[in-house]
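Notes to accompany the following structure.
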Amino acid sequence: MVRSRGRGGFRPGFLSKAAGVRTAWRAIDDGEFFCSGCGGDRSYQLLAGRRRLTVLGVPVLPRGPADPVVECASCHGHFPVVDLERPTTTRLAGLLRDAVHTIALAVLGVGGGERVTARRAAVASVRAAGFPDCTEERLLTLQAALWAGNGSAATRRLDPESWEVLSALAPHLAEPGREGLLLHGARVALADGPYRPGEREVLAAIGAALRLPPAETRRVLVAAATASGA
């Protein structure tokens with residue numbers, strides 16, 4: 001028994017296999033990103049594509065542009081362009097170091113720099129974050145420069161640069177990570193005794209920059225004070 005090949009002698013489904021839409025990709029940029037497929041920092045190419053209708057593997061009609069994708073050089077997976085907004089692990093480590101340094105300076109700027117215990121706590125915090133060469137003299141020099149640029153306004157709120165450093169990091173940290181950064185500041189403030197009014201205000205501003213709810217900021221500050229016995 002001879003099986004029917006359909007119209008024109010072709011088997012059913014032959015045309016659907018012979019014809020299709022393919023995308024031709026070309027690289028328009030490259031760099032390093034955090035690959036969620038590999039779980040680490042990898043090189044990438046940003047690809048732009050154009051779709052074409054093909055018959056028997058031969059492109060015959062354009063079908064318009066395809067959405068750009070990010071191709072990992074290691075796993076060759078394709079990922080949405082929004083993945084490039086996520087910092088690499090190297091970049092994230094740098095953002096964390098800068099955040100701890102910024103918080104220490106902000107707290108010292110409301111009077112803690114006058115006492116040795118607060119300065120030493122700030123130096124220890126900054127060194128642990130990845131600045132082993134940090135000294136009291138360097139922190140005080142930076143603090144003086146902050147005062148010169150912002151005057152007394154720096155004593156009650158974060159200056160725009162400090163706010164930018166913290167708010168840029170906030171979207172990439174879970175809430176416990178943001179609470180941990182606030183805790184760095186609380187420990188510096190409590191090193192020389194109970195919170196001063198100015199310290200409470202600047203720590204509240206730090207919590208806001210880190211996108212912590214006010215109630216959560218208060219909880220972290222109370223817990224830190226209880227633990228220190230202040």
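Nothing in this text is a laboratory measurement; each read-out follows from the coordinates by a stated rule. Note that the coordinates shown come from a computational prediction; the quantities given were computed from them, not determined experimentally. Heads up, the Cβs are rebuilt from the backbone with ideal geometry, glycines too, and the neighbour counts pull from every protein chain shown.
Miscellaneous remarks
- Pairs of Cα atoms farther than 20 Å apart, segment 25-108, %: 52 percent
- Ordering 68-76, 99-107 by mean Cβ neighbour count within 10 Å, with the highest value first, yields 99-107, 68-76.
- Size of electric dipole in segment 185-227: Cβ of Lys, Arg +1 and of Asp, Glu -1, about Cα centre, debye, nearest 20: 100 debye
- Amide H to amide H distances under 5 Å link Thr54 with Gly20, Val21, Arg22, Val60, where only residues 5 or more positions off or on other chains count and H is placed in the peptide plane.
- Using the average count of surrounding beta-carbon atoms within 10 Å as a protection proxy, the listed peptides 126-135, 191-200 rank, highest first, as 191-200, 126-135.
- Förster radius 22 Å - calculated FRET efficiency between Ser43 and Val82 (Cβ-Cβ, nearest 0.05): 0.75
- Coupling constants for segment 37-50 follow from the phi torsions by the Karplus curve (6.51 cos²θ - 1.76 cosθ + 1.60, θ = phi - 60°), and in residue order they are x, 7, x, x, 6, 9, 6, 9, 10, 8, 10, 10, x, 10 Hz; glycine and proline get x.
- For segment 167-230, the fraction of C-alpha pairs more than 20 angstrom apart is 19%.
- Stokes-Einstein translational diffusion, segment 61-134 - Kirkwood Rh over all Cα pairs, 1.002 mPa s, 20 °C, in µm²/s: 136 µm²/s
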